[in-house]
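I have placed the structure first, in the form of structure tokens, so that the comments after it can refer back to it.
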Amino acid sequence: MKKVFGGAALFLDRSDINTDEIIPAKYLTEVTKEALKPYCLEDLKLDGFDPKGEKLKAARVVISRANFGCGSSREHAPWVFEVNDIHTIIAESYARIFRQNMFNGGMLAIELPKADLDRIFALQSAGTVSIAVDLPQQKVMASAGGKSETLHFEISQFDKALVEAGGWVEFADARY
Amino acid sequence: MGKTIAEKIFDAHLRDEPFPGAKVLNLDRVLCHEITTPVAIADLEVRGKDRVFDPSKIKAVVDHVTPSKDSKTALQAKMLRDWARRHAIKDFFDVGHNGVCHALFPEKGYIRPGFTVIMGDSHTCTHGAFGAFAAGVGTTDLEVGILKGVCAFREPATIRINLNGQLPAQVYAKDAILYVIGQIGVNGATDRVIEFRGPIVESMSMESRMTLCNMAIEAGGTSGICLPDMTTVDYLWPFIQSDYANKEAALADYKKWWSDADAKYEKVLDFDLSRLEPMITYNYKPDCVKPVRELAGAKVDQIYIGTCTNGRIEDLREAAAILKGKQISENVRGIVSPATPKIYQEALKEGIIEIFMAAGFCVTNPTCGACLGMSNGVLAEGEVCASTSNRNFQGRMGKGGMVHLMSPATAAATAITGVITDPRDI
Ligand code: SF4
């Protein structure tokens, strides 16, 4: 189950985006991940963002601010991104459970300092921003309209191992 | 160098450290409910690993939507029920015996000082009130917990919060925790354990400590935690009396978990709450907090008293003391949901249910219900709810609805007038 990281970026320029905004509780009655697909970010109210719009459909990476994914423990939040082919989130910081859920599912929750994030946000003025992720080198490359930024990110050995193993179930099952 | 209670629990449960800083802990309790567990069960089945590490350490309850409201929620309950039967998980609580997980499991005596506890639910931090390390996790962590009895954590630093002074009349644990969250922010304790200390905490009942720890997650905290003392022993005594000669012996044993005097904290925050007022949230984040009087007169449509934060017997007593002999405003709907069957029965015996009903409240069975906008009191677009729950996110209790968080006393006072009201002004 190798996942693809990188691709077109969707910018959600606000801190504290919570899991109720990512996937409202009323959809937690679904018992399959696929069923969540149409409801991604349905309750997010943010200028210029439309949960039914083309930008979200095209997105492969979400870029946001501090404390992303706060609120409930629902893994439905990473899953709704996963089934929409978004396997990478880049933000200044995360709520612990959301961040762990991303890596547990073999996905990437990349943390960048605010100044680096600002440089990616600034690229929007040059056109559609595309992200490439080099996990072994721990680099994010963001490009738009001929301009680009290459930024280093920190990731623990454990989180890297989880992504490489395909997730925590695979890792734990092989080891315990 | 001394250690904090969280560090001692980590040391005692360390199974593996696959990479520096990644601590895999043995688990004493894996708690399950019907919203996040069925997906884990289904995935284990697909992987051909439908097993459990130890059925006696797994406890399960149907609580979020119960009795089931439609065929989807009925399927979730059925998946949990069938799984519990299949694996001989005998502590499984279904209709007639079920209640809100974070009220029910402590009441059954399942949570003990020094335990490691996980659940696929963010408010698992509630159980830290017993001196346990209790953390909410996602479905994958839950799945591995069920299968292997372990969970990985980055060892969290501890923020010690001293609640000093004495709470004034009509000011409660809920007001205290709302105030603290307002001070440190929704991100103030991310990846941290909050150790609640100080004279106010020491004089609190277990119920109040649970209210305090319940909302640690609203500041991003991994677990809230209180040191186990005689209040803890008294609460647990019916379950532990065969393990110890007397209560003093139990306390002496539990003291081994106490943070050392020279333990290292990332931060120590002191709050003197002797002049604290009843607090309330405005807006859509739990750190948007102000005194109730600053919002007094704002209109509400519904009152909701219950949940894992404030659906315990002392919460119902607190509200009933204000509602006694009074009627709620005809402009509001009142809903009360005792958090467990035991609490419901106590409330019946004490005449509390009668007070609520005479005042015009609807009494529901124990369930999460409207707290997360799934059943039993979902809001319509544009409606406002005065709620004793823990989360005021946009749409939390129904799309387009707004929630103000407050204590049961403030909720009761608000029910009577139909507008936000400080309980001291009734
Ligand atoms: S009462 Fe509300 S916050 Fe508590 S477990 Fe139930 S849904 Fe979650």
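Worth pointing out:
- Cross-link pairs A:Lys52/B:Lys299; A:Lys55/A:Lys139; B:Lys72/B:Lys299 - those with Cα-Cα distance over 31 Å: A:Lys52/B:Lys299; B:Lys72/B:Lys299
- DSSP bridge orientation in chain B - percent antiparallel, rounded to nearest 5: 20 percent
- About the centre of its Cα atoms, the stretch B:263-419 shows a dipole size close to 160 debye [charges on the beta carbon of Lys, Arg (+1) and Asp, Glu (-1) only; nearest 20 debye].
- Among beta bridges identified by DSSP and lying wholly in the protein assembly as shown, the antiparallel ones come to about 30 percent.
- Cα centroid of the stretch B:121-162 to Cα centroid of the stretch B:29-52, whole Å: 17 Å
- Point-to-point label distance, A:Ser148-A:Lys45, nm (Cα→Cβ direction, 7 Å offset): 4.0 nm
- Each Lys and Arg adds +1 at its Cβ and each Asp and Glu adds -1 at its Cβ; summed about the Cα centre, the protein assembly as shown shows a dipole of about 560 debye.
- Along each principal axis, Cα extent of chain A, largest first, Å: 46, 36, 24
- Note on B:277-284: average number of Cβ atoms from other chains within 10 Å of each residue's Cβ is 1.
- Its alpha carbons give the stretch B:306-359 an Rg and a Dmax of 10.6, 31 Å.
- DSSP-defined beta bridges in the stretch A:6-175 - what % are antiparallel, rounded to 5: 55 percent
- Furthest towards positive pole of dipole, A:Gly127, A:Cys70, A:Thr29, structure part chain A, Cβ charges: A:Gly127
- Farthest towards the positive end of the charge dipole of the stretch B:281-425, among the residues B:Ala415, B:Ala358, B:Ser387, is the Cα of B:Ser387, using unit charges on the Cβ of Lys, Arg, Asp and Glu.
- Computed lengthening from B:Phe239 to B:Lys290, 0.36 nm per intervening residue step minus Cα-Cα distance: 14.3 nm
- When only alpha carbons are used to place a centre, the stretch B:392-426 and the stretch B:61-117 end up 29 Å from one another.
- Interchain or long-range residues, amide H under 5 Å from B:Val403's placed H: B:Cys385
- Put simply, the C-alpha atoms of chain B give a gyration tensor, and the ellipsoid matching it has half-axes of 32, 26, 20 Å, longest first.
- For the stretch B:281-425, convex hull of alpha carbons as volume per residue, Å³: 86 Å³
- If only the Cβ of Lys and Arg carry +1 and only the Cβ of Asp and Glu carry -1, the dipole of chain B around its Cα centre is close to 540 debye.
- Spatial separation of Cα centroids for the stretch B:185-257 and the stretch B:263-303, in angstrom: 22 Å
- Relative contact order [Cα under 8 Å, 6+ residues apart], chain B, whole percent: 17 percent
- Among B:Thr222, B:Leu75, B:Val30 - extreme Cα towards positive end, dipole of the stretch B:1-276, charges at beta-carbon: B:Leu75
- The protein assembly as shown, Rg to Rh (Cα coordinates; Rh as Kirkwood inverse mean 1/r): 0.96
- Longest segment of chain B lacking GluC sites (Glu not before Pro) that sit in a DSSP loop with at most 11 other Cβ atoms within 10 Å: B:1-329
- For peptide A:166-174, the mean count of partner chain Cβ atoms within 10 Å of a residue's Cβ comes to 5.
- Rounded FRET efficiency, nearest 0.05, which uses the C-beta distance separating B:Ser274 from B:Met357 and R0 of 30 Å: 0.25
Values in this text are rule-based calculations from the coordinates and carry no lab data. Just so it is clear, the model here is predicted, and its values are computed rather than measured. Positions of Cβ are generated from backbone atoms using ideal geometry, with glycine treated the same way; all protein chains shown enter the neighbour counts.
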